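As structure tokens, the structure follows; a few thoughts come after it.
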Amino acid sequence: MADPLDSTDALRQYLRASARLLAGSAVVGAVLGAVLYLALLATSDDPRGASTTAFALGALVFGFGTLGWSGSVLLGESVESAQRLRDTASDWSEADSRRAMARVAGAGAGSMAAVAVLGSVLTAL
């Protein structure tokens with residue numbers, strides 16, 4: 001019988017790696033969202049419009065990443081099986097696709113959070 005502590009440690013390592021991946025992409029997204037918001041703010045005098053546009057673009061990226069991740073989960077094994085059957089030389093895998101889409105979704109979430117905070121702070125000033 002497998003030791004439950006081994007599975008708990010494996011789960012912790014998996015969760016830690018996943019959290020690190022999402023946090024890293026959220027930081028990148030936050031920086032990109034802040035830069036986008038400030039660029040939009042510099043080109044117009046409407047802080048509300050700039051924050052709305054930057055937030056919407058972050059939400060679009062988040063939605064694309066979430067949709068791509070769920071598509072990878074639902075169809076990943078089928079795509080891998082089809083590639084094996086057709087004997088393609090592709091390095092595509094479900095795990096890599098899920099990881100990439102999680103990064104995209106994390107960047108979108110970080111962008112939305114940064115724009116919301118930055119927009120609130122600059123509007124209050």
Give me VAL73, VAL121 ranked fewest to most by other Cβ atoms within 10 Å of their Cβ, as a rough exposure proxy.
-> VAL121, VAL73
Expressed as cubic angstrom per residue, what is the convex hull volume of the alpha carbon set of the chain?
-> 139
If you line up the long axis of helix 4-43 against the longest principal axis of the chain, both from Cα atoms, how many degrees apart are they, to the nearest 10?
-> 30
Based on Cβ point charges of +1 for Lys and Arg and -1 for Asp and Glu, what charge dipole magnitude is obtained for the chain about its Cα centre, in debye rounded to the nearest 20?
-> 240
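No value in this document is a laboratory result; all are computed from the given coordinates. Since the structure is predicted, the reported quantities are computational estimates derived from the model, not experimental observations. Glycine gets a Cβ as well: all are built from the backbone with ideal geometry, and neighbour counts include every protein chain shown.
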